[in-house]
1. Go through segment A:180-236 and tell me which strands (runs of 3 or more DSSP E), entirely inside it, have 1 or more residues that are at pLDDT 90 or above and acidic (D, E).
2. Within segment A:420-441, count every residue that is closer than 25 Å to A:A314 by Cβ and either more than 16 Å from ligand 3 (Cβ to nearest atom) or not in a strand (DSSP E or B) (or both).
3. Restricting segment A:449-463 to residues that are closer than 18 Å to A:T318 by Cβ and assigned to a helix (DSSP H, G or I), which is farthest from ligand 2 (Cβ to nearest atom)?
4. Count, please, the residues in segment A:796-819 that happen to be surrounded by 14 or more Cβ atoms within 10 Å (Cβ to Cβ), more than 8 Å from every other protein chain (Cβ to nearest Cβ) and free of Cβ contacts under 8 Å to residues at least 40 places away in the same chain.
5. State all residues of segment A:278-293 that are out of contact with any Asp or Glu (no Cβ under 8 Å at 6 or more places or on another chain) and closer than 16 Å to A:C454 by Cβ; if no residue qualifies, say none.
6. Can you say whether A:D315 is more than 37 Å from the chain's Cα centre (by Cα), among the charged types (D, E, K, R) and either within 16 Å of ligand 3 (Cβ to nearest atom) or within 20 Å of A:C85 (Cβ to Cβ) (or both), as far as the supplied structure shows?
7. Take the conditions in a strand (DSSP E or B) and either modelled with pLDDT of 95 or more or polar (S, T, N, Q) (or both) and apply them to A:L18. Does it pass?
8. Tell me, yes or no, whether segment B:3-10 has at least one residue that is within 12 Å of chain A (Cβ to nearest Cβ) and in contact (Cβ under 8 Å) with a residue 60 or more places away in the chain.
Amino acid sequence: MEKLQLLIVGNGMVGQRLLEELSRMPHAYNITVFCEESRAAYDRVHLSSYFSGASADELSLVAPEFFEQNGIHFLREEAVQSIDCLRKTAFGTRGTIIKYDTLVLATGSYPFVPPIPGHDRVGCHVYRTLDDLDAIRRDAANCRTGVVIGGGLLGLEAAKALSDLGLQTHVVEFAPQLMAVQLDEQGGAILRKKIAALGVQVHTGKSTQKIIDGDQQRHKLVFADGELEADLILFSAGIRPRDAVARDAGLAVGERGGVIVNDLLQTSDPDIYAIGEVALWQNKIFGLVAPGYDMARKLAAHLCQQSGEAFTGADMSTKLKLMGVEVGSIGDAQARSPGARTCVYEDGVKGVYKKLIVSDDCKTLLGAVLVGDTSDYDSLLQYMLNALPLPESPSSLILPSLEGKPMLGMDALPGTAQICSCNNVSKAGLCQAITSGCTTIGALKKETRAASTCGGCASLVKQVLESELKRQGIAVNDHICEHFAYTRQGLYHLVRINKIRTFNELLQQHGKGHGCEICKPAAASIFASCWNDFVLDPKLVGLQDTNDNFLANLQKDGSYSVVPRIPGGEITPQKLEVLAKVAQQYDLYTKITGGQRIDLFGARVDQLPMIWRDLVDAGFESGHAYGKALRTVKSCVGSSWCRYGVQDSVGMAIYVEERYRGLRSPHKLKMAVSGCTRECAEAQSKDVGIIATEKGWNLYVCGNGGMRPRHAELFASDLDDKTLIRYIDRFLMFYIATADRLQRTSVWRDNMEGGLAYLQDVVINDALGLSVELESQMQSLVDTYACEWKRTIDDLEALKRFRPFVNDDLPDEQIVYVRERGQKRPPRAEEKALALIEHEELV
Amino acid sequence: MLILERSTNTTWHDVCAMDDIIVGTGVAARLNGEQLAVFNTGSGVFAIGNFDPFSGANVLARGLLGDIAGVLVVASPVYKQHFCLKTGQCLEDPEISVPAYETRICDQSKRIQIRVDSV
Ligand SMILES: Cc1cc2nc3c(=O)[nH]c(=O)nc-3n(C[C@H](O)[C@H](O)[C@H](O)COP(=O)(O)OP(=O)(O)OC[C@H]3O[C@@H](n4cnc5c(N)ncnc54)[C@H](O)[C@@H]3O)c2cc1C
Ligand code: SF4
Ligand code: FES
């Protein structure tokens, strides 16, 4: 049979998804694609990340060789300019003429630019394609101020991009509030406040009448009441379907644009279909990617004569982060349904606003508005989509409560509940994949595509996975390793309660085999957290992980780095001089760390004791940079010097660092103290962050920099010194008692049932009755602290291990260096042979 | 260096005292210009090459001891690959191994000796 010609007009997000769906099933088409843009399909949803570092390649949605492998005829940078429906022929802008049997319009939409005089001046932009962004970037380099016309979702996103480009940014909105489509008035007002606080100026209720030459800046916007000058103008006043070609071809279009389609996504010409943002279904345009993907999936099935599933519309709920402000809108956010009742929670201090819209019998959820905190979004959305019965008092779903919220159990969700809207994956779909063996998030993602587009559903997917594994009785093995059938928490309690102090006892009583590099360091860490014995004691030394083993940080060439403690980052010139001398004497590569300390690299194992002898003599102590332990307490200069400081942040940092130095924990711990809300010490990226207030200290917990940054959360406010320390004592000991091996406080917190509220309940309200015990455990660790290096350099037995060879005192001759920028560094592979020869000649 | 016994191509070398190795740890030793890692697991003394083929550094003596499914191993302190203490075989990569040496304990359990085959 001769193959049918399928012509796809547009290679945007939805057009590309159609191609992918088709490539997954057997079909009888020769496919041709017209792609107007210079780049094949890319991720428009994450367009803004192009300004924060993502490259065009990273945003691409097309796998390498995709078109070739699937035999798709791809016409880059050629648009369709007209279609002759009678002759079933399409004409391209570069002269290509193609006959088709079936044609799909996936032409998306274009940004609407209101036809005000001056709208087409040089320096006026839109925000839709990578080319648009390139143009904005080029232009912005010579601009100081920018204004976005339009305060909707996309406008605010564009405003963020402008302010990231360093422009002083304004947003001008015609309506009296921001995001009028998704939010109610109050929600809009709170959002406005938050955005203004970030330095973006918002002007609502302003209609721009013309744009003319500015006096100080390139343009001047003239409003009915007033004016505003700016160098760069960006229009984001809504989108319009790109239906011109369809219109000219005589297809039926809607009054306000959009190619009319039926439930099979067919236009008024049965051989022409339309999907994505150009399609008008039941008089609705769907300006989100998920409904477009759903259309693509259904059309692909239809074209391949598989079950003709009809398109049934889509939910337009959205959750997003605008300039760091979380915003969520679910269902009937404006409470337009007859009889709808509302229930509102507002915290003006934190800038949190939540509103529920419920049916008049208070049984079902119709919609919700969330500003400042969208942590309830996922479960609220499920309540609405599945018409789940609401709890007796619906407000409990949004009120912050110490008892913890009524949790939406995954078991309560019907199988049809849609978990991932981007990829239309239901709970049943996930469960089926889990049963067939996808028992990790990674496998589940790969198999079902859930959580692989916007990622918004990731936590729900995880919850389904966990509850399903539990339900199916697939035991989740949480044993620490093959030698102990316990979790880290289990071992911790065994050690503490049975007063176990050595690995042999632990192994004999509770484990099997010889142990390994997982359970041994875990046990060592637990022993240290409980008993604080000397880690190089002969009974403990064989348990220590790589770095603890020699009280220094092993580097790639087998040498070590040395980091003395500099509490709070405060150091006298005299002590700096000692560091400089030691570094010079042993030729150590010297670098300032992110934690306000000094790191000395390239010490051979046999040099460590000599180096530390000098350091200890000068009053330095171990910095525990090698341990899963308290690392640094960073600080700003605070009220002693800074014009803005309200408390002595350095003094507090030193106190805290000296209190918790040497504290071993499931993972490393970092802290910081800032002298005022300007937060120069970046305390909110630390496990424990302390920020001075007029009245005392705000305590933040569970922040994290590194690979997966997480902002610390405000735990308690305006604490006096004593209470602050007591909370930190309890918090840390509770973490040590209950975290998994190598689990940072951030992940520990994210996995904690009951979340922050539960943690506050335990630490502040003593819900478990543990406070006294936790505090006294900490106090005993504080009291038994001793500098490990000081102890080591006086311990002949311990020092024996630092000899380079048991039968020879000559150092390892294979540790050699080359020099760069006035210091040494290990040679790269290709430099090493030469470096070794030179080294030999020297000796 | 004290050479103890010489048969065809085989030499036993005295390396150190039992006391020189804390039970459950290893030490580096030099023999004929080669670097060795010598371990006392508590149940026996083992010797393999000290050179870690993954990091290119002489560090295996500083690795953690243990067993993986009953095979006695040391985990490299750099990237944590496991090497069998008896054969030097890397457990993660069948293509890779380090030399393994025979050991014995002499002199009333006081001295450790290692056998090196020479050509
Ligand atoms: C900045 C920004 C942020 C967004 N954020 C989100 C979000 O967070 N969540 C969400 O769900 N959605 C978001 N969207 C919307 C989402 O990107 C769109 O819903 C989606 O891209 C629609 O896909 P589409 O294929 O219909 O249209 P498009 O992706 O626009 O693709 C249409 C393509 O067709 C081409 N074309 C047009 N006419 C022709 C022709 N005659 N011949 C050949 N080619 C033609 C166009 O050049 C274009 O490449 C965002 C959009 C933008 C701009
Ligand atoms: S955080 Fe406040 S006190 Fe500290 S340096 Fe910054 S502005 Fe000054
Ligand atoms: S909802 Fe977007 S990836 Fe699942």
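The values are calculated or read from the model by the stated rules, or taken from the named source; none is laboratory data. Computed from a prediction, not measured in an experiment: that's the story for all the values here. A quick note on method: Cβ atoms are made from the backbone with ideal geometry, for glycine too, and the neighbour counts reach across all protein chains shown.
1. Correct list: A:208-213, A:226-230.
2. 11
3. Taking the candidates together, the pick is A:L460.
4. Residues flagged as surrounded by 14 or more Cβ atoms within 10 Å (Cβ to Cβ), more than 8 Å from every other protein chain (Cβ to nearest Cβ) and free of Cβ contacts under 8 Å to residues at least 40 places away in the same chain within segment A:796-819 amount to 3.
5. A:L288, A:V289, A:A290, A:P291, A:Y293
6. no
7. no
8. No, every residue in segment B:3-10 fails to be within 12 Å of chain A (Cβ to nearest Cβ) and in contact (Cβ under 8 Å) with a residue 60 or more places away in the chain.
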